[in-house]
């Protein structure tokens, strides 16, 4: 990879980190960007995990500092997700570029619809304690969340938020504190699978991680209320264009 590619991925990482902080969906930009630079799909998928790991470990630290952290519940949901991520990642490293790109394109369009219409907001209920049945349901759901996260990753934040909202009815602050820990935890097992199979470009991975970190810092200091609609509009255009490109619409 040339210096130009590293700088480009660093820049994309800044945008992705910013989006992940103020809206979500950063991987919908980073993974296609690396694929378009010529990385095999599995390598782009694995490389993206390096930045995801760094970003979520930083977020976990910040939530702990602010007093929003539940070790017991995080591990209860994170361990099934870790097991699922191993399965998803093993599938991901064996898929052909053509099949993976088409799956990613479809996922991007579905997540784009979630970003636009925000259906999860219709199901927000009051926070309550998890009983035994809800705990079992949550663990089962997060095993499959882990499979998806290990396979694709893009849009996983929206899926986790929607799942926890429907199952637990927790506040969004608590849900986000759980989300970043669960993603960090299953990324350990997922990234391990990609490393073992030689599917990580470490130079681009660390460049992307640095960009994500800077973007997250900028996003946390940005007044998002006035900028939210503008950010969504840019995200919609960019994701739709990339999805159509992956589907071969532009040849």
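Each value in this text was obtained by applying a stated rule to the coordinates, not by laboratory testing. Predicted model only: the values in this text are computed from it and were never measured. Here the Cβ is made from the backbone with ideal geometry for all residues, glycine too, and neighbour counts use every protein chain on show.
Key figures
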| item | result |
| --- | --- |
| Quotient of Cα Rg and 2.2 N^0.38 Å for the stretch 20-80, N being how many residues it contains | 1.40 |
| The stretch 132-215: relative contact order in percent, alpha carbon pairs under 8 Å with at least 6 residues between | 25 |
| Neighbour-count order for 204, 3, fewest beta carbons within 10 angstrom listed first | 3, 204 |
| Footprinting exposure proxy for 61, 165, 30 (fewest neighbouring C-beta atoms within 10 Å first) | 61, 165, 30 |
| Least to most buried among 4, 186 (fewest other Cβ within 10 Å first) | 4, 186 |
